[in-house]
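S.K.: Dropping a structure here in structure tokens format, bear with me for questions.
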Amino acid sequence: MNVVNPDGSRFVVDLNHDRLRFMEKWMFTAWLEKPSGQARFHVGPVGANEEILAIENERIKVEVASLGEMRLVSVQNHDEPQTMFLAQGPSHELYTTFEGTGIPFEAFVDFLGPLEILDTTEGMIARPNGRSWVKIYSITAVNQVADVAVVQLFPIDQVLDSLPPGKGRVVAGGELWQIPGSETGQGSALVLASDSAAATISPVAEAVALDALTVAEALVVTHQGV
């Protein structure tokens, strides 16, 4: 399975098991380094936020605009207060959140300005266009093995300093560590690392912790740069 990241890099993911399968769509979080500071955006399949867009009342206001072939959506939440903006293509959508309400679409267009956005059936690429001092410095891809575990993927150079100490148990995908629940704030999580990628595998319930271990032992992930 090829997983296309917003920066144009890829994770090649194999889950070598006859029963356990990833869900169809991946979600992504990317962090931008900008002259004005850091900013975060997310990418997912188009329609991933439909439940939020369907909620409109006197405290939540939804507005729609367009930018080229993309549909732009603004969701102003006066209870938070914050505004979520979405840029929707044919297959995927990019979204981010601004503090406060009454924020015009122009602010979101300025946010998108340094990015070259390409939406394909494989994934949405939203990488710096080279015309500004902006770079993507962090990527996380997230999916779920249904009813078993949440899996997060990272390029290895992004997480090297936070890997558990010592040598992990050797499995098909590299080295594997188990992190006690007291350190994660929930049930025991698993960390898998290869030469190019790392993954965390977090059980969705203690009852399926053994299945989560099976996922970790069967998972093989590599990261291919741009």
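S.K.: Among the residues of the stretch 122-175, which ones are within 19 Å of the chain's Cα centre (by Cα), part of a strand (DSSP E or B) and within 15 Å of Ser194 (Cβ to Cβ)?
M.R.: The answer is Ala141, Val151, Gln152, Leu153, Phe154, Pro155.
S.K.: Also, quick follow-up: What's the total number of residues in the stretch 139-153 that are within 20 Å of Gln38 (Cβ to Cβ) and touching a residue at least 60 places away in the same chain (Cβ under 8 Å)?
M.R.: Looking only at that region, the number is 4.
S.K.: Let me ask something else. Out of the residues in the stretch 165-196 that are modelled with pLDDT under 90 and touching an Asp or Glu at 6+ places or on another chain (Cβ under 9 Å), state the one that is surrounded by the fewest Cβ atoms within 10 Å (Cβ to Cβ).
M.R.: Gly181
S.K.: Hey, another quick one. Going by what's in this entry, would Glu80 be described as part of a loop (DSSP other than H, G, I, E, B), free of Cβ contacts under 8 Å to residues at least 40 places away in the same chain and either in contact with a His (Cβ under 7 Å, 6 or more places away or on another chain) or over 17 Å from Ala126 (Cα atoms) (or both)?
M.R.: yes
S.K.: Go through Glu93, Glu116 for me and flag whichever is in a strand (DSSP E or B) and more than 16 Å from the chain's Cα centre (by Cα).
M.R.: On inspection, the qualifying residue turns out to be Glu116.
S.K.: Name the residue that is modelled with the highest pLDDT, counting only residues in the stretch 123-155 that are among the aromatic types (Phe, Trp, Tyr) and surrounded by fewer than 20 Cβ atoms within 10 Å (Cβ to Cβ).
M.R.: Only one residue tops the list, namely Tyr137.
S.K.: Would you pick out the residues in the stretch 6-21 that are surrounded by fewer than 14 Cβ atoms within 10 Å (Cβ to Cβ) and outside any loop (DSSP other than H, G, I, E, B)?
M.R.: Asp14
S.K.: Let me ask another. Yes or no: Ala212 buried (at least 17 other Cβ atoms within 10 Å of the Cβ), in contact with a Pro (Cβ under 8 Å, 6 or more places away or on another chain) and modelled with pLDDT of 80 or more?
M.R.: So Ala212 passes the test.
S.K.: Within the stretch 197-209, how many residues are surrounded by fewer than 17 Cβ atoms within 10 Å (Cβ to Cβ) and either in a strand (DSSP E or B) or in contact with a Gly (Cβ under 9 Å, 6 or more places away or on another chain) (or both)?
M.R.: Counting residues in the stretch 197-209 that are surrounded by fewer than 17 Cβ atoms within 10 Å (Cβ to Cβ) and either in a strand (DSSP E or B) or in contact with a Gly (Cβ under 9 Å, 6 or more places away or on another chain) (or both) gives 2.
S.K.: Would you pick out the residues in the stretch 83-103 that are without any contact (Cβ under 8 Å) to a residue 24 or more places away in the chain and charged (D, E, K, R)?
M.R.: Glu99
S.K.: Of all residues being at pLDDT 95 or above and farther than 16 Å from Thr200 by Cα in the stretch 22-39, which is surrounded by the most Cβ atoms within 10 Å (Cβ to Cβ)? Just the residue, please.
M.R.: Looking at residues that are at pLDDT 95 or above and farther than 16 Å from Thr200 by Cα, I get Ala30.
The values are calculated or read from the model by the stated rules, or taken from the named source; none is laboratory data. Everything numeric in this text was worked out from a predicted model, so none of it was measured. When we count neighbours, we look across all protein chains shown, and the Cβ atoms used for this are built from the backbone with ideal geometry, even at glycine.
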